[in-house]
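Engineer: Okay, handing you the structure first.
What follows is calculated from the coordinates using simple rules that are stated; it is not laboratory data. Note that this is a predicted model, so its numbers are computed, not measured. Counting neighbours? That spans all protein chains shown, and the Cβs are built from the backbone with ideal geometry, glycine included.
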Amino acid sequence: MTEKKNKSAIQRRLIPTYIFLVIWSLFSVFPLYWMITAATNNTVDVARGKIVFGTYAVENFNNLIKSQNLWGAMGNSFLYAIVQTVLCLLICSLAGFGFELYHDKAKDVLFGILLLAMMVPGVATMIPLFKMISGAKLLNTVWGFILPAVATPFMIMMFRQNSRNFPVDIMEAARIDGLSEFMIFFRMYLPVMKSTYAAAAVIVFMNAWNSYLWPKVVLTNPKAQTMPMLIANIASGYTLDYGMMMMGVLFCSLPTMIIFFILQKQFAEGITGAVK
């Protein structure tokens, strides 16, 4: 009886916390709900602030298809984001693996320089990067999009920090069995650090998918535009169709939401540095 009373007392004390969390969750989810409902209403209803579902979803979708190259932009965004994610994970994990498990004073100094690079705003390096990409004749190509972000100090730091939880005894045993350093990386490190890879994949994919400023600079061909550029084109028109624009925003948001919901458990484990 005493245990039941204690449990009920604890539950009563937690009621205000639960109420606060529910209210805050509603505030957090409301913009997503409004985006979905706005995609089903016309411009007048969206401007009036209507927050219930309408009957203009098919019309907004048809207008979007007719006025914009939706599938081309979706395909470009998937291509750029997937290639950047794969290469970034491979290069940054190799760098983090090397910095932590083979570190010395020289590597620590180099890592410190990389961390200083995080303090430099991306806008400050955009002109030199554009000149380099233009000089290499990589404008309007997937490589022009991904090369500046294929290895970032933040991702290298993330892999290095999480590599501290990697059991070094496995490496020693693998060396005794005759495995090379690269085979240790691919056969031992990758499976053990899979939660870190999942978290990094979510971050890199979202950054690549939502990137706007750099693609706007290097992708001058309309056929090479991405989804954020397509949304910006809709918003820059003389007459703004809010329903059609919100339908485009919905299509732009769906891939990142799906990927996050699929990998949310691994994302939480990777952010906290969990190793399996």
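Engineer: From ILE19, ILE91, ILE82, grab the single residue that is in contact with a helix residue (DSSP H, G or I) (Cβ under 8 Å, 6 or more places away or on another chain) and surrounded by 10 or more Cβ atoms within 10 Å (Cβ to Cβ).
Structural biologist: Every option except ILE82 fails the conditions.
Engineer: Among the candidates LEU147, LEU219, LEU139, single out the residue that is surrounded by 19 or more Cβ atoms within 10 Å (Cβ to Cβ), within 29 Å of MET118 (Cα to Cα) and touching a Leu at 6+ places or on another chain (Cβ under 8 Å). Give the steps one after another, and end with the answer.
Structural biologist: Values: LEU147 fails: surrounded by 19 or more Cβ atoms within 10 Å (Cβ to Cβ); LEU139 fails: surrounded by 19 or more Cβ atoms within 10 Å (Cβ to Cβ).
After applying the criteria, what remains is LEU219.
Engineer: When you look at PHE130, is it touching a Leu at 6+ places or on another chain (Cβ under 8 Å), within 30 Å of MET227 (Cα to Cα) and not aliphatic (A, V, I, L, M), yes or no? Give the steps one after another, and end with the answer.
Structural biologist: Numbers: touching a Leu at 6+ places or on another chain (Cβ under 8 Å): no; within 30 Å of MET227 (Cα to Cα): yes; not aliphatic (A, V, I, L, M): yes.
No; evaluated as a whole, the condition is false for this residue.
Engineer: HIS103 passes all but one of (1) within 19 Å of THR196 (Cβ to Cβ); (2) buried (at least 16 other Cβ atoms within 10 Å of the Cβ); which number fails?
Structural biologist: The single condition HIS103 does not satisfy is (2).
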